[in-house]
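J.: Mind looking over this structure? Questions follow.
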Number of protein chains: 2
Amino acid sequence: MSIITIERKVLEKNEAIAAANRKKFKERNIFTMNLVSSPGSGKTSLVERTIAKSKSKIKIAVIEGDVQTDLDAKRVEAFNVPVVQIITSGACHLEANLVRDAFEKFSDNDTELLIIENVGNLVCPATYDLGEDIKVVIASTTEGDDKPLKYPAMFRNSSALIINKIDLLPYVNCSIEQLKRNALAINPSLKIFQTSCTTDEGIDKWIEWLESIVKSR
Amino acid sequence: MSIITIERKVLEKNEAIAAANRKKFKERNIFTMNLVSSPGSGKTSLVERTIAKSKSKIKIAVIEGDVQTDLDAKRVEAFNVPVVQIITSGACHLEANLVRDAFEKFSDNDTELLIIENVGNLVCPATYDLGEDIKVVIASTTEGDDKPLKYPAMFRNSSALIINKIDLLPYVNCSIEQLKRNALAINPSLKIFQTSCTTDEGIDKWIEWLESIVKSR
């Protein structure tokens, strides 16, 4: 029993900090997106594409979460947007207190969209609220079409699903229709996009949707 | 401090059960492999290929670990080998007690190779010893070449790395040489294989090595 009690306390404490984060983001009129996926599904590539297309219209800041290295922050920094790297040193997900501390490092106060790129992990980040407005999950075609069934919590808790690497569809064993059916069986209200960060296909539709929800915040 | 103490107790308990598993496997002369990777890197496909090629020479049994569904056990069952599915119901990794309980479900005692397919997760399973002889990590070319640096514990704790989906190399942004350099920087003694479960390329070399270590157990 003691372990379950401790886990509940950890989650309760995280939720209290996440609520404080959410209040702060709302007060400052910042829309926040928690971007989650398996390792290598294309989170950082999507962040790069999003910044390249939207930064002239929307003020974007990025928090990068990784177990080790600041490789992702360096990729994002090249686009001249404010970025803070969180290194979790082994932990498998971001928690609300890490996001709170990282956010304090930003010096400018005019951010409209804060993108939080979580640790690559299709399981644990589903349980930890960071105070974001929406979770967006990426599933790449190379991972197959069964992932929503095998890792349901992440798809259930997300507002949008980005099916990435659609340029690789001719070469992989993945049915887009089956993947969509599986995802919608878990979460019927998922907004679904199909993209390739390599060919740029589908990115404009994603950007259009993202910009519209950021503007209507 | 109490949370850290509890975590240590959980790990200590897991290690005690893992040691008992290891003793039992050794007494029964069973070689055990803990197969780990991100979701969708090809763990189940590699298990299928391995069974298809080796089951006439080696008695294989499989324990499948998933957060939800018995889809993987069904795929393996089609090859007519004993298989037990563990559903973790949300937990992000297998633990030694789950493997102990699953192993008790096998009725025949002549297994030579026990393959344990872990939950798709490049972080958490690195911390939980199951009592296996070796960990084998799969990294697919579609995930890029930086994963050993970003998720070092899994590569440090593995005996072999299988670089899978090499048939997709012409279409993805991944340098095999860089991936190998990154992996060997983390773990210089890693044995590295390059495979495609789609075209069968490189599978024979993997099988040859696996059969040799199983036979020399």
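The values are calculated or read from the model by the stated rules, or taken from the named source; none is laboratory data. Worth saying up front: this structure is predicted, and the values here are computed from it rather than measured. Positions of Cβ are generated from backbone atoms using ideal geometry, with glycine treated the same way; all protein chains shown enter the neighbour counts. These area figures cover heavy atoms from the full protein model, side chains too; ligands, DNA and RNA do not enter into them. Shrake-Rupley method; radii C 1.70, N 1.55, O 1.52, S 1.80 Å.
J.: So which strands (runs of 3 or more DSSP E) stay within the range A:68-173 end to end and still have 2 or more residues that are under 26 Å from A:Ile186 (Cα atoms) and within 14 Å of chain B (Cβ to nearest Cβ)?
T.: Values: elements: A:83-87, A:113-117, A:134-140, A:160-164.
It comes to A:134-140, A:160-164.
J.: Would you please list the contacts, defined by Cβ atoms under 7 Å and residues six or more apart or on different chains, that run from a residue in the range A:66-86 that is among the aromatic types (Phe, Trp, Tyr) to a residue that is open to solvent by 60 Å² or more (accessible area, probe 1.4 Å)?
T.: A:Phe79/A:Ala52; A:Phe79/A:Lys55
J.: With respect to B:Ile138, is the statement that it is more than 24 Å from A:Cys124 (Cα to Cα) and either modelled with pLDDT of 95 or more or crowded, with 24+ Cβ neighbours inside 10 Å (or both) true?
T.: Values: more than 24 Å from A:Cys124 (Cα to Cα): no; either modelled with pLDDT of 95 or more or crowded, with 24+ Cβ neighbours inside 10 Å (or both): yes.
When the stated conditions are applied, B:Ile138 does not pass them.
J.: Then there is this: Is at least one residue of the range A:47-65 within 10 Å of chain B (Cβ to nearest Cβ) and under 20 Å from A:Asn164 (Cα atoms)? Break it down stepwise before answering.
T.: Applying the first criterion (within 10 Å of chain B (Cβ to nearest Cβ)) to the range A:47-65 yields none.
Checked the range A:47-65: no residue is within 10 Å of chain B (Cβ to nearest Cβ) and under 20 Å from A:Asn164 (Cα atoms).
Yes/no matrix, rows are residues, columns are (1) open to solvent by 10 Å² or more (accessible area, probe 1.4 Å); (2) modelled with pLDDT of 95 or more:
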{"site": "B:Ala96", "(1), (2)": "no, yes"}
{"site": "B:Asp110", "(1), (2)": "yes, no"}
{"site": "B:Gly120", "(1), (2)": "no, yes"}
{"site": "B:Tyr128", "(1), (2)": "yes, yes"}
{"site": "B:Glu143", "(1), (2)": "yes, yes"}
{"site": "B:Pro148", "(1), (2)": "no, yes"}
{"site": "B:Asp167", "(1), (2)": "yes, yes"}
{"site": "B:Leu179", "(1), (2)": "no, yes"}
{"site": "B:Glu201", "(1), (2)": "yes, yes"}
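J.: Which residue is farthest from B:Ser37 (Cα to Cα), if the candidates are limited to the range B:183-199 and must be hydroxyl-bearing (Ser, Thr, Tyr) and surrounded by fewer than 13 Cβ atoms within 10 Å (Cβ to Cβ)? Don't jump to the end; show me each part of the working.
T.: We begin by selecting, within the range B:183-199, every residue hydroxyl-bearing (Ser, Thr, Tyr); these are B:189, B:195-196, B:198-199.
Add one more test, that the residue is surrounded by fewer than 13 Cβ atoms within 10 Å (Cβ to Cβ), and what stays is B:189, B:199.
Working: B:Ser189: 19, B:Thr199: 20 Å.
Here the residue is B:Thr199.
J.: Tally up the residues in the range B:61-94 that are of a type in the set (Asp, Glu) and either open to solvent by less than 20 Å² (accessible area, probe 1.4 Å) or in contact with a Phe, Trp or Tyr (Cβ under 8 Å, 6 or more places away or on another chain) (or both), please. Break it down into steps so the answer makes sense when it comes.
T.: If we filter the range B:61-94 for residues that are of a type in the set (Asp, Glu), which is where we start, we get B:64, B:66, B:70, B:72, B:77.
Those left that are additionally either open to solvent by less than 20 Å² (accessible area, probe 1.4 Å) or in contact with a Phe, Trp or Tyr (Cβ under 8 Å, 6 or more places away or on another chain) (or both): B:64, B:66, B:72.
Residues in the range B:61-94 being of a type in the set (Asp, Glu) and either open to solvent by less than 20 Å² (accessible area, probe 1.4 Å) or in contact with a Phe, Trp or Tyr (Cβ under 8 Å, 6 or more places away or on another chain) (or both): 3 in total.
J.: Of (1) open to solvent by less than 40 Å² (accessible area, probe 1.4 Å); (2) out of contact with any helix residue (DSSP H, G or I) (no Cβ under 8 Å at 6 or more places or on another chain); (3) within 21 Å of A:Ser216 (Cα to Cα), A:Ile115 satisfies all except one. Which?
T.: For A:Ile115, the failing item is (2).
J.: Within the range B:7-24, is there a residue that is within 15 Å of the chain's Cα centre (by Cα) and closer than 28 Å to B:Ser212 by Cα? Explain how you work it out, then say what you get.
T.: Within the range B:7-24, the subset within 15 Å of the chain's Cα centre (by Cα) is none.
No, the conditions are met nowhere in the range B:7-24.
J.: Restricting the search to the range A:174-204, which residues are away from chain B (no Cβ under 11 Å) and either free of Cβ contacts under 8 Å to residues at least 12 places away in the same chain or part of a loop (DSSP other than H, G, I, E, B) (or both)?
T.: The answer is A:Ser175, A:Glu177, A:Arg181, A:Leu184, A:Asn187, A:Pro188, A:Ser189, A:Leu190, A:Thr195, A:Asp200, A:Glu201, A:Gly202.
J.: Looking at the range A:10-44 only, could you name the residues that are within 14 Å of chain B (Cβ to nearest Cβ), part of a helix (DSSP H, G or I) and in contact with a strand residue (DSSP E or B) (Cβ under 8 Å, 6 or more places away or on another chain)? Please lay out each step first, then the result.
T.: Our first condition is that a residue be within 14 Å of chain B (Cβ to nearest Cβ); within the range A:10-44, this holds for A:10-14, A:36-44.
If we keep only those that are part of a helix (DSSP H, G or I) as well, we get A:10-14, A:43-44.
Passing the criteria: A:Lys43, A:Thr44.
J.: How many residues, within the range A:18-46, are open to solvent by 30 Å² or more (accessible area, probe 1.4 Å) and β-branched (Val, Ile, Thr)? First the steps, then the outcome.
T.: Taking the range A:18-46 and keeping what is open to solvent by 30 Å² or more (accessible area, probe 1.4 Å), we get A:19-20, A:22-24, A:26-29, A:45.
Adding the requirement that they be β-branched (Val, Ile, Thr) leaves none.
Residues meeting the conditions: 0.
J.: Further, regarding this structure: If I go through the range A:98-108 residue by residue, how many of them are touching a Pro at 6+ places or on another chain (Cβ under 7 Å) and open to solvent by less than 40 Å² (accessible area, probe 1.4 Å)? Let's see the steps before the verdict.
T.: Kept after step one, since they are touching a Pro at 6+ places or on another chain (Cβ under 7 Å), are these residues of the range A:98-108: A:106, A:108.
Next, from what is left, pick out any that are open to solvent by less than 40 Å² (accessible area, probe 1.4 Å): A:106.
So the answer is 1.
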